[in-house]
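K.L.:
Structure provided below as structure tokens; questions to follow.
Every number here is computed from the coordinates shown, using simple stated rules; none is lab data. What you see is a predicted model; the values in this text were computed from it and never measured. For neighbour counting, all protein chains shown are included, and Cβ atoms are generated from backbone atoms with ideal geometry for every residue, glycine included.
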Amino acid sequence: MARDVRLIRSPISVTGMVLTTISAVLFVVVFLADLLGVHTNPYIGILFFLVLPAVFIVGLILIPLGAWIERRRRAAGKAPTTVQWPRIDLNDPTQRRTAVIVFALTMANIVIVSLAAYRGVEYMDSVGFCGQVCHTAMGPEFVAHQAGSHAGVRCVNCHVGSGATSFIKSKLSGSRRAVAVAFGNYSRPTTAEPDELIGAAETCEQCHSAGRFHGDKVRKISEYADDEKNSESVTTLTLHLGGGGPRAGSAAGIHWHANPANAIEYVATDSARQEIPYVRVSDGRGGVREYAIEGANLQDLAQRPRRRMDCTDCHNRPSHTIATTPERAVNAVMANGVIDKTLPFVRREAVKALKASHPTQESGIQEVGRALRDFYGTLPAGGADRGPRVDRAVAVVEEIYRRNVFPEMKVSFGTYPSNIGHFDSPGCFRCHDDNHKSKDGPTIGQDCETCHSIQ
């Protein structure tokens with residue numbers, strides 16, 4: 001036994017004992033802090049509960065490994081490689097002062113490093129880190145997020161799932177993108193593979209209830225003509241949102257797709273999930289029906305991954321919305337009264353300015369403003385108040401350009417298709433096209449009244 005004890009005095013075994021002891025102490029401290037709720041950042045717990053156990057295990061492995069290597073050395077007739085510990089005599093005033101200073105500095109370093117690590121993780125958890133460190137690459141997403149309804153939601157709440165596995169996967173993915181940014185070989189525009197995104201159950205449904213009944217929602221859509229008076233036409237759209245589930249009653253309307261009792265599965269043949277040749281619907285009561293487009297190879301489709309539909313299949317740009325067309329962007333601000341509708345031809349000229357191509361966003365913003373000012377400079381005087389109204393219109397149109405057009409990233413109106421609706425991209429019609437037929441005859445219908453009524 002004494003011989004075995006001496007074997008673990010080798011440098012490798014001692015290193016293992018040091019790692020095991022430090023990681024064990026830190027683990028206990030962090031575990032107690034977690035129980036007491038001292039820290040609120042989940043990444044701190046993930047890091048410590050993932051990294052420290054790994055260090056602890058490595059230390060445990062090094063202890064017998066060092067002993068085994070030492071035994072082989074001695075069997076070969078080599079001299080023992082024991083650790084030569086320094087002789088410390090705390091009765092010596094010089095050594096005592098040195099020990100106190102070293103201990104104090106060590107404690108100070110531990111505090112400094114711990115705070116730095118904590119703040120570092122906090123910063124990596126922030127929206128500013130995600131959107132501004134990789135400024136050009138993530139510029140469109142950052143600007144759209146700041147201007148959207150989810151501006152108060154941090155990136156990690158939607159892009160990092162729960163558990164250590166998701167954390168590691170997201171950080172490895174982020175590291176690859178950071179390297180790509182450093183070397184300038186990232187994709188333009190930036191596109192996220194849908195399969196890499198976190199499911200709605202871990203993101204959307206943390207705040208939104210899939211089984212809630214919403215009923216109908218009336219929406220007035222204002223559109224403006226390109227004439228001098230910017231003639232307005234209003235469409236009243238009653239959206240049958242419906243929804244519901246086992247507790248709220250039978251589901252209906254658009255949110256029937258989100259009813260937890262229904263299982264809608266589909267196969268997409270492209271990475272953006274715009275081409276959907278096969279759909280399978282289970283109604284929760286044992287009824288199952290399969291739909292496929294004419295000519296679809298069902299054997300081939302059976303080999304492809306099948307996805308269950310969730311919120312993001314329609315709401316595919318919930319936090320990074322970029323206007324689908326300049327016309328829609330201008331109509332929206334005019335309907336809200338942000339641009340004065342009495343300015344002659346303002347809708348036509350604003351859209352024209354936004355459609356022009358420019359090499360950079362900065363030059364584009366300048367040219368948009370210059371184009372509008374030049375146009376109104378050619379018109380007869382329109383009253384003393386026209387100048388301020390033009391200035392306001394210029395500022396608003398420049399802001400539309402800043403939020404939606406990023407020439408350096410090849411992002412502009414319509415770059416990212418929206419699956420809500422069916423005017424600017426297939427959206428609903430990916431399935432509701434009357435071409436997806438079941439074996440017994442019914443199709444996935446295209447009846448407008450199913451989702452909305454128009455007045």
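K.L.:
What list of ³J(HN,Hα) couplings, whole Hz, do you get for region 298-314 from phi and the Karplus terms 6.51, -1.76, 1.60, once you set θ to phi - 60° and write x for glycine and proline?
P.N.:
Per-residue couplings from phi come out as 5, 5, 5, 5, 5, 7, 8, x, 10, 10, 8, 5, 9, 3, 6, 6, 10 Hz.
K.L.:
Between their Cα atoms, which of Lys352/Lys410; Lys171/Lys410; Lys169/Lys355; Lys169/Lys439; Lys217/Lys341 are more than 30 Å away from each other? Write down the numbers at each step before the final one.
P.N.:
Working: Lys352/Lys410 19 Å; Lys171/Lys410 26 Å; Lys169/Lys355 39 Å; Lys169/Lys439 41 Å; Lys217/Lys341 26 Å.
Violating the 30 Å limit, Cα to Cα: Lys169/Lys355; Lys169/Lys439.
K.L.:
Also, I was wondering about something else. Test of understanding: what is the full-extension gain from Leu60 to Glu294, defined as 0.36 nm times their sequence separation minus their Cα-Cα distance? Kindly include the intermediate steps, with their values, before the conclusion.
P.N.:
Details: separation 234, 0.36 × 234 = 84.24 nm, distance 6.20 nm.
That pair, Leu60 and Glu294, stretches by 78.0 nm at full extension.
K.L.:
Something else: Express the relative contact order of the chain as a whole percentage, based on alpha carbon pairs under 8 Å and six or more residues apart in sequence. Don't skip to the answer; put the middle values down first.
P.N.:
Working: 602 pairs, mean separation 62.5, N = 455.
Over the chain, the number comes to 14 percent.
K.L.:
A further question follows. Using a cut-off of 20 Å between alpha-carbon atoms, which aspartates and glutamates can reach Lys220, once sequence neighbours fewer than 8 places away in the same chain are excluded?
P.N.:
Here the aspartates and glutamates satisfying the reach criterion relative to Lys220 are Glu232, Glu327, Asp340, Asp424, Glu449.
K.L.:
How big is region 241-390 on each of its three principal axes, counting only the C-alpha atoms and giving the largest first in Å?
P.N.:
Cα extents, longest axis first: 72, 38, 26 Å.
K.L.:
May I pose another question? Relative to the longest principal axis of the C-alpha atoms of the chain, give the angle of the C-alpha long axis of helix 135-147, reported between 0 and 90° and rounded to the nearest 10°.
P.N.:
Orientation of helix 135-147: about 60 degrees from the principal axis.
K.L.:
Let's see if you can work this out: charge +1 on each Lys and Arg Cβ, -1 on each Asp and Glu Cβ, no other charges. What is the dipole magnitude of region 326-409 about its Cα centre, in debye to the nearest 20? Walk me through the numbers on the way to the answer.
P.N.:
On the way: 13 positive and 11 negative charges, 57 e Å.
The dipole of region 326-409 has a size of about 280 debye.
K.L.:
Let me ask another. What is the distance in Å between the Cα centres of region 414-446 and region 175-235?
P.N.:
18
K.L.:
Between Asp195 and Ser363, what length comes free when the chain is fully extended (0.36 nm per residue of separation minus the Cα-Cα distance, one decimal in nm)? Don't jump to the answer; show the numbers that get you there.
P.N.:
Numbers: separation 168, 0.36 × 168 = 60.48 nm, distance 3.62 nm.
Between Asp195 and Ser363, full extension yields 56.9 nm more.
K.L.:
Can you run phi through the Karplus equation (6.51, -1.76, 1.60; θ = phi - 60°) for region 447-455 and list ³J(HN,Hα) in whole Hz, with x for Gly and Pro?
P.N.:
6, 4, 5, 4, 10, 7, 10, 10, 10
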